[in-house]
1. For the range 74-92, enumerate the residues that are among the hydroxyl-bearing types (Ser, Thr, Tyr) and within 18 Å of HIS21 (Cα to Cα).
2. If we keep just the residues of the range 98-121 that are β-branched (Val, Ile, Thr) and in a strand (DSSP E or B), which is surrounded by the fewest Cβ atoms within 10 Å (Cβ to Cβ)?
3. Taking the range 81-97, which residues are under 22 Å from TYR34 (Cβ atoms) and either open to solvent by 50 Å² or more (accessible area, probe 1.4 Å) or free of Cβ contacts under 8 Å to residues at least 60 places away in the same chain (or both)?
4. Within the range 1-46, restricting attention to residues that are free of Cβ contacts under 8 Å to residues at least 60 places away in the same chain and under 18 Å from ASP87 (Cα atoms), which residue is farthest from the chain's Cα centre (by Cα)?
5. Being of a type in the set (D, E, K, R), farther than 13 Å from ASP102 by Cα and modelled with pLDDT under 90 is true for just one of GLU3, GLU27. Which residue is that?
Amino acid sequence: NPETFWTTTGMFPQEFIICFHKHVKIEKLVIQSYLVRTLRIEKTTSKEPFDFELWVEKGVYVASTVLRMNLVHTEGQLQNEEIVARDGYATFLRFIIVSAFDHFASVHSISAEGLAVSNIS
């Protein structure tokens, strides 16, 4: 529903989990958000939402071999982040907003493209 969104409560990190009800292979994610600075996406193929592993991290992070990146701050407009996935097998995705450009941030839509691989047994 384009009229609704999920918002943080002012402290970070904040997280939410999406359940697919099937094992899926995600090929692309499109995320519309507002004021998100650093976003981490974790995935699991478990029947329940545990044993998550890091899948995608977008934002400011520093490591000796990692390039420094930022989500784009778009004043007054939604951020549109497209992630082409690799190894996107999952039953649950956990989205963690690590930091934001303000005290509050929001996620307006998440679209996942891919294939249902099998039922959860």
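The values are calculated or read from the model by the stated rules, or taken from the named source; none is laboratory data. Just so you know, these numbers come straight off a predicted model, no measurement behind them. FYI the Cβ positions are ideal-geometry reconstructions off the backbone, even for glycines, and counts take in every protein chain you see. We work out accessible area using only protein heavy atoms, side chains counted, and drop any ligands, DNA or RNA first. Shrake-Rupley method; radii C 1.70, N 1.55, O 1.52, S 1.80 Å.
1. Just the residues of the range 74-92 that are among the hydroxyl-bearing types (Ser, Thr, Tyr), to begin with: 74, 89, 91.
Result: TYR89, THR91.
2. Filtering the range 98-121 down to residues β-branched (Val, Ile, Thr) leaves 98, 107, 110, 117, 120.
From what is left, the residues that are in a strand (DSSP E or B) are 98, 107, 110, 117.
Values: VAL98: 18, VAL107: 21, ILE110: 17, VAL117: 14.
Result: VAL117.
3. If we filter the range 81-97 for residues that are under 22 Å from TYR34 (Cβ atoms), which is where we start, we get 81-83, 93-97.
GLU81, GLU82, ILE83, ARG94 - these are the residues of the range 81-97 that are under 22 Å from TYR34 (Cβ atoms) and either open to solvent by 50 Å² or more (accessible area, probe 1.4 Å) or free of Cβ contacts under 8 Å to residues at least 60 places away in the same chain (or both).
4. SER46
5. Numbers: GLU27 fails: modelled with pLDDT under 90.
Criteria check complete, one pass: GLU3.
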